[in-house]
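Every number in this text was worked out from the coordinates using simple rules, so none of it is lab data. Only a predicted model underlies this, so the values are computations on that prediction, with no experimental measurement involved. As a convention, Cβ positions derive from the backbone with ideal geometry for all residues, glycine included, and neighbour counts pool all protein chains shown.
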Amino acid sequence: MNSAFNIDADTAIELHRLMVLIRRFEEESSRLYMQGKIRGFLHLYIGQEAVAAGAIPCLRDDDYVVSHYRDHGHALAKGMDPRAVMAELCGKATGSSGGKGGSMHLFDVSKGFMGGYAIVGGQLPIAAGLAHAIKYREEDRVVLCFFGDGAVNEGEFHESINLAAVWKLPVLFLLENNLYGMGTHVEKTHALGKDIYLSADAYGLPSAQIDGMDLMAVRDTTLKALERIRAGGGPVFIEAMTYRFRGHSVADPSNYRDSKEVSFWQVRDPIARFQELALENEVMTGDTVKGINEEVDRTVAKAVRFAEESDAPDPNDIADNVYA
Amino acid sequence: MNSAFNIDADTAIELHRLMVLIRRFEEESSRLYMQGKIRGFLHLYIGQEAVAAGAIPCLRDDDYVVSHYRDHGHALAKGMDPRAVMAELCGKATGSSGGKGGSMHLFDVSKGFMGGYAIVGGQLPIAAGLAHAIKYREEDRVVLCFFGDGAVNEGEFHESINLAAVWKLPVLFLLENNLYGMGTHVEKTHALGKDIYLSADAYGLPSAQIDGMDLMAVRDTTLKALERIRAGGGPVFIEAMTYRFRGHSVADPSNYRDSKEVSFWQVRDPIARFQELALENEVMTGDTVKGINEEVDRTVAKAVRFAEESDAPDPNDIADNVYA
Amino acid sequence: MPRMIVREAIAKGLREALTNDNRVFMVGEDIGDYGGAYAVTRGFLEEFGEKRVIDAPLAESAIVGAAVGAAMGGLRPIAEIMTINFLLLAMDQVVNHAAKLRYMSNGQISVPLVIRTVTGGGGQLGATHSQSFEPWLASVPGLKVVTPSNPYDALGLLRTALSDDDPVIFSEHSLLYGVGGEVPDDYYEVPFGQAEVVREGDDVTLVGYSRMARVAEQAAEQLDGMGTSAEVIDLRTLCPLDMDTVLESVRKTSRAVVVEESWRTGGFAGEIASQIHEQAFDYLDGPVVRVGGMDVPSPYARNLEEKVIPNVDSVIAEIDNRLGL
Amino acid sequence: MPRMIVREAIAKGLREALTNDNRVFMVGEDIGDYGGAYAVTRGFLEEFGEKRVIDAPLAESAIVGAAVGAAMGGLRPIAEIMTINFLLLAMDQVVNHAAKLRYMSNGQISVPLVIRTVTGGGGQLGATHSQSFEPWLASVPGLKVVTPSNPYDALGLLRTALSDDDPVIFSEHSLLYGVGGEVPDDYYEVPFGQAEVVREGDDVTLVGYSRMARVAEQAAEQLDGMGTSAEVIDLRTLCPLDMDTVLESVRKTSRAVVVEESWRTGGFAGEIASQIHEQAFDYLDGPVVRVGGMDVPSPYARNLEEKVIPNVDSVIAEIDNRLGL
Ligand SMILES: Cc1ncc(C[n+]2csc(CCOP(=O)(O)OP(=O)(O)O)c2C)c(N)n1
Ligand SMILES: Cc1ncc(C[n+]2csc(CCOP(=O)(O)OP(=O)(O)O)c2C)c(N)n1
Ligand SMILES: [Mg+2]
Ligand SMILES: [Mg+2]
């Protein structure tokens, strides 16, 4: 069952464009990785686009997003410049962290993108702390914190959610349950298996489980949650059921998943699904789609060119920013 | 409301004697501390006796008990020799750890008392691991793991309970909720405040909240839980509501508790209460009580004398047992 | 000059910060209702209220991580980790987060965070409660590590820590809280990376930090009566590390002894000794002597614990053995 | 002699243990269905079943703690912590529990536990994923720390680790998994605390462990062509530490260089250098040289990361600079 399609044409186009941008960006990242231009670990967001595009555009510019190492989609959705992200992935001086951070450690404080965190679960207390600063300073802001089903088993998950609950902090915990933490199925590692949202009860938090492949469902639930949080109602927990179409990282052939499961999810491709709905609801036409695809292609190509043409960082700056 | 008084005279006497032993042992510890014969941190169990005496005697000799730093009561209940415990508190060579462990680190493997652990929450994964060994080796044993309301907020609580749940381990998690972790009230630090047993749902564990000042309630609930665990039903979670009559450690004047609260609990003194019930149910007489008190006095006095007369450890052995 | 004890000096610095800067708040276990495990923050909750003095759940990782996040969000948190032993539970947040965010964000993020914690043994608290992890922390790029040994430094260094824009580990030795000393009424700071020559001497240089600076000083006094003139240097901060003061002294005395409480093997004395050898080899009469904690888990019994931690006698014995002074 | 790579040598040792001893089981993140993040345990789940090869939740503290408990309960667990960076999350269980239980129980408890973990940088994984905490671990009384640099040692040391009754940190460098070498079919063990003289020489002693032992060896080869004869010592284990072999060599060459990958400041080279100075001062032509990782969080970009980790060129440059060889 689909959620009601209650957005106008401009919004639909913006959100569709965002999903296509993420998809194309990731495809190009993967290509550059194969060419050895991106190195280290590279975790693609392909398949999960509806979560970032459903949730993040519900935020205001000065709200914060906190993410993990699978962060490109979240970063782009929060408005990071694709060129700066791609340059960072390529380890260039023009990257968002001057090439010092890499794919797993993206930051753009000016956009409220407060980081990709590569220690599983490590972002959760930080998100709580940002939310604490908001409340302390009486700001009208929220924190949207992403994490995976694997992170749920870390002690920091528990410590952070409890802290946020006790302190009634303005934070939305958005779990992207893609069923696997690296290569291990969630039913092998979590007591509640696929129904992790139920653990929110242990902290007295309102929670919901939603179809993370359905942009409208993500959007609607996020908007409701944000309303509650902004009104001072404290943290909310959302579990978006989703799936990554690629391996855990580009190095992972993903042998642990059977093809039936993969196809089950592939037919739920969030972009195709949203596109179909948008066409059905006549907020987009075939031409709009084509236009978006072409525009995104150009944006991504520019980002790739920018990254490729940028200089490597200056080794003389290597010890800058260790301390203030 | 009291639980049914369904034990015979021998058992009643044994359990009463155990509670009195713990109480008197702790009173003497406190006295020796004031004399400077025990040093470091000393955490008394006075007030909570019904939990140890209600639960531990339900175990078999070869079951394991795992405890925290407030461990004297648990250790004595599992059959540790009061002399060896007192000598350990006094840092003597005859102590259960030869004076190397101290009050917070009691061990008697021969009795299945697998340790007092002084890092809050640190005992929980170890208890899970012991239970894993039991299951792996197909032994007919269980682990009884004690912890406090403060420990519930540590990440290791979450990690361990989840592990035990997913692996269906034979472990009974027995929370002694005495309302304070050191000097901070549980409602200030835990999302569910005084109803921590509800968090067991987040791991799919059966749980119960009981009156920890009522030995019979503790005993009945423990027996039921053990039955389930021994039958392969996996872990169970019990929250015993209790109260420590003294400060967190003997150095704590306990100013953060108001006298009304203290008296509310003091009238629920588990020893007086059980004694009254036993007399009512005619399984003990005034003489039995007197006999028990005198016997325990002698036992504790002997333990103190033993500890005082024992030698300090030989400094030449200082580096023994760092490695095998 | 007014006298106060270390506990009071630290409380004074904390009160100042809470009073003068709204962005400062404290968070930690039992710092409010209980008044702090070592009574440093007694009365703070009443004085500053629940917003500024927060009793946290027992959750070291979340305390440090949330403090990091709050610092990113514009505040200047003071996190108290009850003792350095429990900091192991927050090691990931300290090392992988607090210390690295500035670098990984290429300067976009500051983490102006002070982590106060209690260090050291000597109180018969047993193996899990008597450790000193400053050597580890001082090896982490991005952290600063502060180890005061007296009330003057405690206040002066705390002020500096509180105005620093990087994460600072402020390590308070449990046995020093009651140590008294003069503390001026007038405002002063003690800068980081500036060791103090506590006592001048010609024959040998004793280097220490935290409580071992005091022990070194006491040893020097005793050595004086034995005809040996020892110069004593209190490092004050391990990172930044002031080797210039140490080297200058060693070039004069030709002999150096580094005293520390943490395990001898892999301690920070190895770092200091190595730097002395690297930079003043030709001035040395012999190798730098390290006096450190015994390489055992700390035993509970008094007579054993006494053997484990360097004291005046053992420092003098080592000097005697190794340097023949 | 048959050749294999380090990955195969470790897998061989693990298979042996799983086959020969029912008490041995493996637990770790993604070691089963996924086959191990570094493919060491590929096929193990199929081969040994779910009881022996357990995919754990992402919960490092519980993995190590439960392994400690299982060891106390009569098993011989092999816990895999995917990389040493994540071991920070389990540091309390490692340091306050695994390492101390024998001592605190006065010998009642044994913790025969092997913690396998992947160490080091060089893969452009960035600051949180490129660390080496062996120096910290080697300072903890009660732990043993093993750092093989080749297939022969990897298998031989793993066998020793698996028969040891104390907790052992078995550190596998990610860039060494593919390194090949000869491994005899006949059973052998490599004992702990026995460094290997990898190459003999007269002019200078190069000491390394883990991947830096290989780098030292390569540097020595190159130095040979430059007219310098370097002796190379692979420590193999940091705890126990074989200083005898190092000292014997230094007494011959009069010059020593210690190479390691972890941060230079506070690294284990400081310990080794200090011990050399303490015990062979009069044999030395000059101070022991330390070549270590740069004191920065590891940067992602290739050209930066290259500067951070010692390599053949930087080792030779340091030797050139400091020793004038
Ligand atoms: C503390 C820690 N443990 C292990 C890892 C290695 N690791 C990186 S991602 C990952 C899986 C995380 O799964 P999940 O949280 O479900 O996020 P997903 O990758 O599915 O988006 C693992 C095990 C890590 N980075 N940090
Ligand atoms: C990880 C850790 N943090 C803090 C402490 C200091 N500490 C010792 S006991 C205690 C309170 C624990 O309270 P609770 O778990 O409720 O047990 P209780 O003392 O009430 O029996 C604290 C904070 C510690 N020992 N370990
Ligand atoms: Mg996942
Ligand atoms: Mg309590």
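Projecting the Cα positions of C:249, C:311, C:237 onto the charge dipole of the stretch C:197-325 (unit charges on Cβ atoms of Lys, Arg, Asp and Glu, taken about the Cα centre) puts C:311 furthest along the positive direction.
Projecting label points 7 angstrom from Cα along Cα→Cβ for residue B:290 and residue C:302 puts them 4.0 nm apart. Distant-in-sequence amide contacts of residue C:289, defined by a placed amide H-H separation under 5 Å and a gap of 5 or more residues or a different chain, comprise C:256, C:257, C:258. Rounded to the nearest 20 debye, the dipole magnitude of the protein assembly as shown is 1560 debye, with +1 charges on Lys and Arg beta carbons, -1 on Asp and Glu beta carbons, and the Cα centre as origin. Here is the list for the stretch C:171-269: chymotrypsin sites (Phe, Trp or Tyr not before Pro) lying in DSSP coil, each with at most 16 other C-beta atoms within 10 angstrom of its C-beta, are C:187, C:188.
Highest mean packing first, where packing is the average number of other Cβ atoms within 10 Å per residue, the peptides B:309-320, B:76-87 line up as B:76-87, B:309-320.
About its Cα centre, the dipole of the stretch D:1-156 is roughly 480 debye, where the only charges are +1 on Lys and Arg Cβ and -1 on Asp and Glu Cβ.
Exposure proxy for A:29, B:259: other Cβ atoms within 10 Å of each Cβ, ordered fewest to most, give B:259, A:29.
Mind giving me the FRET efficiency for residue B:223 and residue B:319? R0 is 30 Å, r the Cβ-Cβ distance, nearest 0.05 is fine. It comes out at approximately 0.10. The residues B:176, C:47, A:28, when put in order of fewest to most other Cβ atoms within 10 Å, stand as C:47, A:28, B:176.
When the charge dipole of the stretch A:28-136 is built from unit charges on Cβ atoms (+1 for Lys and Arg, -1 for Asp and Glu) and taken about the Cα centre, the candidate among A:66, A:87, A:126 whose Cα reaches farthest toward its positive end is A:87.
For the stretch A:175-182, backbone phi angles converted through the Karplus equation (6.51, -1.76, 1.60; θ = phi - 60°) give residue-by-residue couplings of 7, 9, 8, 9, 6, 9, x, 6 Hz, Gly and Pro being listed as x. Once backbone amide H atoms are built at 1.01 Å from N, residue C:172 has C:117, C:118, C:119 as its partners under 5 Å, excluding neighbours fewer than 5 places away on the same chain. Spatial offset of the stretch C:268-286 relative to the stretch D:102-127 amounts to 31 Å, using the alpha carbon center of each.
Using C-alpha pairs below 8 Å separated by at least 6 residues, the relative contact order for the stretch A:87-205 is 18 percent. Dimensions of chain C based on its C-alpha atoms, expressed as ranges along the principal axes with the largest first, amount to 58, 44, 41 Å.
The mean count of C-beta atoms from other chains within 10 Å of the C-beta of residues in B:87-97, rounded to a whole number, is 3. Potential lengthening of the chain between residue D:222 and residue D:252 amounts to 8.7 nm, from the contour at 0.36 nm per residue minus the alpha-carbon distance.
Cβ crowding within 10 Å ranks A:244, D:236, D:199 as D:199, A:244, D:236, fewest other Cβ atoms first. Across peptide D:246-257, the mean count of Cβ atoms from other chains lying within 10 Å of each residue's own Cβ comes to 0.
Modelled spin-label separation between residue B:230 and residue D:229, with each label point placed 7 Å from Cα along the Cα-to-Cβ direction: 7.5 nm.
Projecting the Cα atoms of D:48, D:78, D:68 onto the charge dipole of the stretch D:43-98 (Cβ charges, centred on the Cα centre) puts D:68 farthest toward the positive pole.
Charge dipole of chain C (Cα centre as origin; +1 on each Lys and Arg Cβ, -1 on each Asp and Glu Cβ, all else neutral): 640 debye, rounded to the nearest 20. Straight-line cross-link partners of residue A:224 among the lysines, defined as a Cα under 26 Å from its Cα and at least 8 positions apart when in the same chain: A:78, A:111, A:135, A:168, A:194. Packing, as the average of other Cβ atoms within 10 Å across residues, places the peptides C:128-141, A:58-71 in the order C:128-141, A:58-71, highest first. With the helix formula -39500 (n - 2.57) applied to DSSP H stretches of n ≥ 4, the protein assembly as shown reaches a computed 222 nm mean residue ellipticity of -11500 deg cm²/dmol. The residues neighbouring residue A:176, those whose beta-carbon lies less than 14 Å from its own, together hold a net charge of -3 under the Lys/Arg +1, Asp/Glu -1 convention.
Could you give the distance between the Cα centres of the stretch A:280-305 and the stretch B:105-143, to the whole Å? The distance from the Cα centre of the stretch A:280-305 to that of the stretch B:105-143 comes to 60 Å. Other residues lying with their Cβ under 13 Å from the Cβ of residue C:246 contribute a combined charge of -4, Lys and Arg counting +1, Asp and Glu -1. Averaged over the residues of peptide C:304-312, the number of Cβ atoms from other protein chains lying within 10 Å of each residue's Cβ is 3. Between the alpha-carbon centres of the stretch C:163-196 and the stretch A:214-279 there is a gap of 51 Å.
Rg over Rh for the stretch B:184-281 works out to 1.03, both radii taken from alpha-carbon positions and Rh defined as the Kirkwood radius.
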